[in-house]
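The values are calculated or read from the model by the stated rules, or taken from the named source; none is laboratory data. Values in this document were obtained by computation on a predicted structure and should not be read as measured data. Quick reminder, even Gly has a Cβ in these numbers, built from the backbone with ideal geometry, and neighbours come from all protein chains shown.
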Amino acid sequence: MNKEKNDIFMQGPIPPERIATSIATHGRKYDIGAHSIFLGQIRADQVDGKTVRAIDYSVNRELALSKMAEIRQAVFDKYPLACMHVYHSEGLVQVGEICFFVFTSSAHRRVAIDACEELVERIKKEMPIWGKEIFEDDTHQWKTNR
Amino acid sequence: MNKEKNDIFMQGPIPPERIATSIATHGRKYDIGAHSIFLGQIRADQVDGKTVRAIDYSVNRELALSKMAEIRQAVFDKYPLACMHVYHSEGLVQVGEICFFVFTSSAHRRVAIDACEELVERIKKEMPIWGKEIFEDDTHQWKTNR
Amino acid sequence: MRVQVKAFGALTDILEKEFYMTAVDTEELLTVLSHQHVALAHRKLLIAVNNRIINDPVVLQENDIVALMPPYSGG
Amino acid sequence: MRVQVKAFGALTDILEKEFYMTAVDTEELLTVLSHQHVALAHRKLLIAVNNRIINDPVVLQENDIVALMPPYSGG
């Protein structure tokens, strides 16, 4: 599958270097005073004595990309952001690895912080993504969001 | 000046690689599900037709370190955090560079996000740090926080 | 009408990921599938027809794509 | 009492960063400095004696360290 415009999905975990690169890139934007970043990481949750070793993310890609375009537009309309970056993993992500990355930048901190939080909540609630928690014995259960 | 225990001050800008390293280090902590990060960056503000080219930060170091210990303890007491990292620049930081870095990690997102925001607000308000805005013509004015 | 059905998330433990079936509308489609797969009955589902979420049953056209989706759990 | 005074932030445009002076208490210290440096009068200041912020005037001991600080502007 080709990288489409506005595709937020990365195969497997999101590398920490990606985050450093995003930050370094914005050093050239002199109107930015604040960045807010959220990272989701796979937890080794215990369920009935079994331990999660990975989450396998699947996506309704077409629906997801149009929903993301809608969320992106709504957040840009609401907040005077200089930048917005969103990545979400697709496929297998091991415990301790990053599966979700939201990055907002603005002149002042309030805007970046609020927009970042709103993106995190909306993406978790509205994006057609499903996490399959894989236990150490290779059985699974489907993640549910609170 | 030696790096003391709990010293949050870095000479000059905070390198983006530092942030990537912090994130990568936490990949070994399997009880973490969320990281929240705030970054302050030097803005090329315009004041009466002059443009800021850098901020020179000075610190009442002894007071700052005891205040930081107090804030750190209060935030750890209030939130079940897995980790907390704070860096603030001392000395000269050019526009586009990072001067302030707050990083919190926890099992669930709410805690990391709220703790990060509280740290940012408390540090800006309570830490004896002063920013001297240096203009392109080498004149200066002292920064005031809102 | 013959339509393509795509199953997502936990539904892929019950249904094939993609298959074809015939139904007049989304209500009939769900009724038929629930009879064939008991595990499907009383499940909370989101339904999209041609990548548009529907809240009420809709009549199906030939070659429509019907996505059956459990509650989202990304992030 | 002879005390060490340390000035911070914008005050370093008015005062030396570190100097010694004699005063009975912090109130006298401020009064003397304000007479010497008009720019200091009516400025909002935080005062720490031996790294402890004081809200009311305190009597000074020999070798105390008095920090004079304008409002903070970190971050």
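Points worth noting:
- Cross-chain or 6+ apart pairs with Cβ under 6 Å, segment A:12-25 first and touching a residue at least 24 places away in the same chain (Cβ under 8 Å), then part of a helix (DSSP H, G or I) and surrounded by fewer than 18 Cβ atoms within 10 Å (Cβ to Cβ): A:16/B:24
- Listing of strands (runs of 3 or more DSSP E) fully contained in segment C:1-74 that carry 2 or more residues being loosely packed, with under 13 Cβ neighbours inside 10 Å: C:18-22
- The residues in segment A:26-44 that are in contact (Cβ under 8 Å) with a residue 60 or more places away in the chain and either buried (at least 18 other Cβ atoms within 10 Å of the Cβ) or in contact with a Ser or Thr (Cβ under 8 Å, 6 or more places away or on another chain) (or both) can be counted, and the count is 11.
Yes or no, residue by residue, for (1) within 13 Å of the chain's Cα centre (by Cα); (2) under 24 Å from residue A:142 (Cα atoms); (3) not aliphatic (A, V, I, L, M):
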position	(1), (2), (3)
C:19	yes, yes, yes
C:33	yes, yes, no
C:43	yes, yes, yes
C:50	yes, no, yes
C:61	no, no, yes
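- Any chance residue A:134 is facing chain C (nearest Cβ under 9 Å) and of a type in the set (A, V, I, L, M, F, W, C): no
- Failed condition for residue C:42, given (1) within 8 Å of another protein chain (Cβ to nearest Cβ); (2) farther than 30 Å from residue A:120 by Cβ: (1)
- Qualifying residue in segment B:26-43 (condition: over 27 Å from residue A:52 (Cα atoms) and among the charged types (D, E, K, R)): yes
- Scanning segment A:102-146 for residues that are of a type in the set (Val, Ile, Thr) and outside any strand (DSSP E or B) turns up A:111, A:113, A:120, A:123, A:139, A:144.
- Taking the conditions (1) out of contact with any strand residue (DSSP E or B) (no Cβ under 7 Å at 6 or more places or on another chain); (2) more than 22 Å from residue C:74 (Cα to Cα) in turn, residue A:70 satisfies each one other than (2).
- Residue check for residue B:20: within 28 Å of residue A:44 (Cβ to Cβ), facing another protein chain (nearest Cβ under 8 Å) and in contact with a Pro (Cβ under 6 Å, 6 or more places away or on another chain): yes
- Residue B:139 being more than 13 Å from the chain's Cα centre (by Cα), within 9 Å of chain D (Cβ to nearest Cβ) and either among the acidic types (Asp, Glu) or closer than 17 Å to residue D:10 by Cα (or both): no
- Test: residue in segment A:80-96 that is among the charged types (D, E, K, R) and either more than 30 Å from residue B:96 (Cβ to Cβ) or touching a Cys at 6+ places or on another chain (Cβ under 9 Å) (or both): yes
- The set of residues in segment C:46-75 that are aliphatic (A, V, I, L, M) and either facing chain A (nearest Cβ under 9 Å) or within 18 Å of residue C:19 (Cβ to Cβ) (or both) comprises C:46, C:47, C:48, C:49, C:53, C:60, C:65, C:66, C:67, C:68, C:69.
- Yes/no for residue A:77 being more than 9 Å from chain B (Cβ to nearest Cβ), surrounded by fewer than 19 Cβ atoms within 10 Å (Cβ to Cβ), free of Cβ contacts under 8 Å to residues at least 40 places away in the same chain and within 18 Å of residue B:110 (Cβ to Cβ): no
- The condition (being closer than 20 Å to residue A:108 by Cα, of a type outside the set (Asp, Glu) and buried (at least 19 other Cβ atoms within 10 Å of the Cβ)) is satisfied by just one residue among B:47, B:86, B:59: B:86.
- Among (1) polar (S, T, N, Q); (2) in contact with an Asp or Glu (Cβ under 6 Å, 6 or more places away or on another chain); (3) modelled with pLDDT under 95 - the single one residue A:141 does not satisfy: (3)
- Taken over segment B:103-112, residues that are surrounded by fewer than 24 Cβ atoms within 10 Å (Cβ to Cβ) and in contact with a helix residue (DSSP H, G or I) (Cβ under 8 Å, 6 or more places away or on another chain) amount to 1.
- All positions within segment B:38-64 that are more than 9 Å from chain A (Cβ to nearest Cβ) and of a type in the set (Asp, Glu): B:48, B:56, B:62
- Conditions (1) within 30 Å of residue D:45 (Cβ to Cβ); (2) out of contact with any His (no Cβ under 8 Å at 6 or more places or on another chain); number of the one not met by residue B:116: (1)
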